[in-house]
1. Any chance you could give the angle, 0 to 90 degrees and rounded to 10, that helix 315-329 forms with the longest Cα principal axis of the chain?
2. Which shape class applies to segment 92-160: rounded if a/c is under 1.5, otherwise prolate when a/b exceeds b/c and oblate if not, where a ≥ b ≥ c are the square roots of the Cα gyration tensor eigenvalues?
3. Over segment 9-171, calculate the relative contact order: mean separation of alpha carbon pairs under 8 Å at least 6 apart, over the residue count, as a percent.
4. So for the chain: antiparallel DSSP bridges make up what percent, rounded to the nearest 5?
5. Karplus couplings for segment 33-42 from phi (6.51 cos²θ - 1.76 cosθ + 1.60, θ = phi - 60°), rounded to Hz, Gly and Pro as x?
6. For the Cα atoms of the chain, what angle does the longest principal axis make with the long axis of helix 87-99, in degrees from 0 to 90, nearest 10?
7. What aspartates and glutamates sit close enough to Lys310 to cross-link, taking a C-alpha to C-alpha distance under 20 Å and skipping anything fewer than 8 places away on the same chain?
8. Below 8 Å between Cα atoms, with a sequence gap of 6+, how large is the relative contact order for the chain in percent?
Amino acid sequence: MTTSRIVNISENLVAQINSNIFFQEFTFQKNEFYPPDTKIELQLADNVVWIDDLLFIFQIKDRNKDSLCDSSSESKWYQNKVIKKGVSQIKDTLEYFSKYPQIIIQNERGYKIDVAKAKQTFIKNIIIFNPNEKFPDDLRFNKFHESRTAGIIHLFHIEDYFNICKYLITPSEINEYLEFREKIYLKHKCIINNFPEQYVLGHFLETSDISFIKPEYVETLKRFKQEYSNDILFSIIKIFRDNTETYEKKDDYFYILKEIAKLKRNEFKEFQKRFFISIEKCNEQNIVVPYRISFPRINCGFVFIPLAKKNSNNWKIALHNYTMVHKYDQKLSKCIGIIFFKSSNSRLSYEVFWEYVEIDWTYNEEMEKVIKEKFPFREIHEHELERYEFDK
């Protein structure tokens, strides 16, 4: 049995926003699926995002703009469609994840993925609603619905969700914000719903300390320095995508995207700095010492290798060796090597290839000898990265 589903404007908008923030590879909007050994079509939530150990379940509610527009009608719509139906649909999706061993749906890149394993992850339940103009502020300021079976469910006016995704540029930042939002709500239930969403976002940007409420934080966004945008992030993602079809290790690209998605803004700043300088340096004829960085928080390192064109025939050996030495030196379980060199293809200015390695660190006598006698890198120095920057 097949059912049809009409996708509304808000669903498409949220899908577009999520594809930009969470990457198309991890965003799912076409969420009809057939449980194993059945011919019954079921539907997950309107939008699902799954990145490694993170699962975001989105239900989107769009108000008919031709409907009667007054505060009373908007309140009834909110209770019926957002709270009752939206919460019920979230519960259905959670039940499907707990019940079915296989759930195959298509991501926004067109790949069919079994998302059933996502039930082992940290789940964020989110309802986004798009009401009419007369929607009451007291309802808009409601941050959560608490369900006995589904747990805490985030509530967002679509404009507020859009603004959050305008200021926070990486999936890790969004997840960190949602966790902060839950904590400050649970700490200050009695008063937090008196404040608009920009207060919570401002507080988050200023400090992770939730022990107090400081009303001035509602003005924080005016001072916030937005130095980075999704454009920089996605220019890097596009480079990987453009090389996947011709590269024998194209499947590694999904693992690399997952690790990039886990980076916070300040961490991504350091990543992109080394990425782009490596592109510049691969035009040089002399040997350039690779650039590298490690993030203990995610137990992953990155090494960026600019290779002179005259040495490009040996790029596979160089990529593997540098990746393995960096991983061993930093005692990491995961490491990503990225190599750059000038292209022989007249259509491309440079080639980019990569290697993803994931294996527990163990002592290796041969590696110890390499590090002692032929260490190929600069020393790494530990730095505490500034969280966010503001105009003075």
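Values quoted throughout were computed directly from the atomic coordinates according to the rules given, and no laboratory measurement underlies them. Bear in mind that the values here come from a model prediction, so they are computed numbers and not experimental data. Here Cβ is always computed from backbone atoms with ideal geometry, including for glycine, and neighbour counts include all displayed protein chains.
1. Approximately 70 degrees, to the nearest 10.
2. oblate
3. After rounding, I find 27 percent.
4. Taking every DSSP beta bridge with both residues in the chain, the antiparallel ones total about 60 percent.
5. 8, 10, x, x, 6, 9, 10, 8, 8, 10
6. So the inclination is approximately 50 degrees.
7. Lys310 reaches Glu280, Glu284, Glu351.
8. Reported as a whole number, the value is 12 percent.
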